[in-house]
Amino acid sequence: MKKIAVLTSGGDAPGMNACIRAVVRYAIYCGYKVYGVERGYSGLINDDIFQMYPRSVSDIVQKGGTILHTARCPEFKEYENRVKAAENLQKRDIDNLVVIGGDGSFAGGLDLHKEFGINIAGLPGTIDNDLGYTDFTIGFDSAVNTVLWAINHLRDTTTAHERVSIVKVMGRNCGDIALYAGLAGGCEYVLVPEIPADFRDVAESVKLSTKRGKTSNMIVFAEGAGDETELIKVIKEVTGRTPTVTTLGHIQRGGGPSMFDRVLAARMSVHAVDILRGGEGAWAIGVKQDNIIHVPLEEALKIKKQVNHELYKMTRTLSL
Ligand code: ADP
Ligand code: F6P
């Protein structure tokens, strides 16, 4: 009987459970015996591998986190640990693996393919939207909606007190969470790692906006965009006002997936199983202009994510 395993790795993202559900059920529908791996690559090394059935994934499509748990497993970067991982798959005759995670998890999957011939389908599960080969990753939309919820709440109190408010968001080296949430939330300034901003210009724009009649300002600050304490200092110097800072942290990774992420998870997961059914290889599954695509994993990892300059420009012009 054909066999397939599934794992979640790296930072969790809303929609990982929706992926697990779709992979398990569609693969069983296609005649596969399906296995779940606990805690990403740690579970492969430690042999935490178990069979899954349609009822193993009941009542999870709406839940955040991942029922398989996830982990960061630096040991997997060492060849001898990957040998253990491959042996644990091979002793069960499992030659197909669905990896749900970000670029680090994909790099691990590529190693398993190149070194041991395991067929890989990578599903982009990360809130960061930092993979260049796909328009969207699974979890990004949900995380941005969580950030938007927080921005709406902060705006109430920021407006009431006529303050300058800085909201710090996740995204590692990618500014998409800040960019999309900042535009959708009508924020005055968005700071992203890809487009360096002069903090003095930001402070001057706060000052100018006061002259134009704005009594409060919301600034979204991506985690890779520098040191927010420096920005606070400059804003104090230039405007005489002391900004408040709210760091949203891991709250952004939790909560149930949005409709967009659930549908994306279902479409990409079905495509992943179909690609593995089609033959040998290592693939990254993605979405481009609403079409589900697959790209050789090695190529996908080389494609650099580009920031959307048009959206960034809009955040500036619309904050007049
Ligand atoms: P993400 O997948 O969200 O980018 P990480 O970068 O933390 O998260 O990677 C997740 C896991 O993938 C790592 O803990 C490690 O087990 C594995 N991994 C990352 N980079 C490599 C690599 N270059 N080679 C092998 N495995 C890797
Ligand atoms: O990759 C997802 C992410 O949440 C990033 O946005 C953030 O930089 C990182 O993971 C935080 O990792 P940890 O959960 O280990 O603090």
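The values are calculated or read from the model by the stated rules, or taken from the named source; none is laboratory data. All values derive from a computational prediction rather than experimental measurement. With ideal geometry, Cβ positions are generated from the backbone for all residues, glycine too; neighbour counts draw on all protein chains shown. Side chains included, ligands, DNA and RNA excluded: accessible areas come from the protein's heavy atoms. Shrake-Rupley method; radii C 1.70, N 1.55, O 1.52, S 1.80 Å.
Suppose the filter is more than 16 Å from ligand 1 (Cβ to nearest atom), part of a helix (DSSP H, G or I) and either over 30 Å from ASP290 (Cβ atoms) or open to solvent by 10 Å² or more (accessible area, probe 1.4 Å) (or both); does VAL144 pass it?
So VAL144 fits the description; yes.
Tally up the residues in the stretch 125-165 that are charged (D, E, K, R) and farther than 23 Å from LEU208 by Cβ, please.
Filtering the stretch 125-165 down to residues charged (D, E, K, R) leaves 128, 130, 135, 141, 155-156, 162-163.
From what is left, the residues that are farther than 23 Å from LEU208 by Cβ are 128, 130, 135, 141, 156.
The qualifying residues number 5.
Looking only at the stretch 17-34, how many residues end up being open to solvent by 20 Å² or more (accessible area, probe 1.4 Å), at negative phi and touching a residue at least 24 places away in the same chain (Cβ under 8 Å)? Steps first, answer last, please.
Of the residues in the stretch 17-34, the ones open to solvent by 20 Å² or more (accessible area, probe 1.4 Å) are 21, 25-26, 28-31, 33.
Within this subset, residues satisfying the condition of being at negative phi are 21, 25-26, 28-30, 33.
From the residues that got through so far, the ones that are touching a residue at least 24 places away in the same chain (Cβ under 8 Å) too are 21, 25-26, 28, 30, 33.
So the answer is 6.
When the stretch 275-316 is examined, which residues are found to be in a loop (DSSP other than H, G, I, E, B) and open to solvent by less than 70 Å² (accessible area, probe 1.4 Å)?
Scanning the stretch 275-316 gives GLY279, GLY281, LYS305, VAL307, ASN308.
Test ARG172 against the stated conditions and say whether it is in contact (Cβ under 8 Å) with a residue 24 or more places away in the chain, within 26 Å of GLN289 (Cβ to Cβ) and surrounded by fewer than 23 Cβ atoms within 10 Å (Cβ to Cβ).
Numbers: in contact (Cβ under 8 Å) with a residue 24 or more places away in the chain: yes; within 26 Å of GLN289 (Cβ to Cβ): yes; surrounded by fewer than 23 Cβ atoms within 10 Å (Cβ to Cβ): yes.
Yes; evaluated as a whole, the condition is true for this residue.
Of all residues in the stretch 47-84, count the ones that are over 23 Å from the mean Cα position of the chain (by Cα), surrounded by 14 or more Cβ atoms within 10 Å (Cβ to Cβ) and either part of a loop (DSSP other than H, G, I, E, B) or within 16 Å of ligand 2 (Cβ to nearest atom) (or both).
Total satisfying the criteria: 2.
Between a residue in the stretch 54-76 that is within 14 Å of ligand 1 (Cβ to nearest atom) and any residue that is open to solvent by 80 Å² or more (accessible area, probe 1.4 Å), which pairs come within a Cβ distance under 6 Å, given they are 6 or more apart or on different chains?
Sorted first by the residue in the stretch 54-76, then by its partner, the pairs are HIS69/ARG39; ALA71/ARG39.
Is it the case that PHE221 is within 16 Å of ligand 1 (Cβ to nearest atom) and surrounded by 23 or more Cβ atoms within 10 Å (Cβ to Cβ)?
So PHE221 does not fit the description; no.
Identify the single condition in (1) open to solvent by less than 10 Å² (accessible area, probe 1.4 Å); (2) within 15 Å of ligand 2 (Cβ to nearest atom); (3) closer than 30 Å to GLY213 by Cα; (4) not aliphatic (A, V, I, L, M) that TYR180 does not satisfy, given that it satisfies every other one.
Failed condition: (1).
Only one of (1) in a strand (DSSP E or B); (2) β-branched (Val, Ile, Thr); (3) in the same structural domain as PHE106 (by TED's automatic domain parsing); (4) touching a strand residue (DSSP E or B) at 6+ places or on another chain (Cβ under 6 Å) is not met by VAL245, so which one is it?
Condition not satisfied by VAL245: (3).
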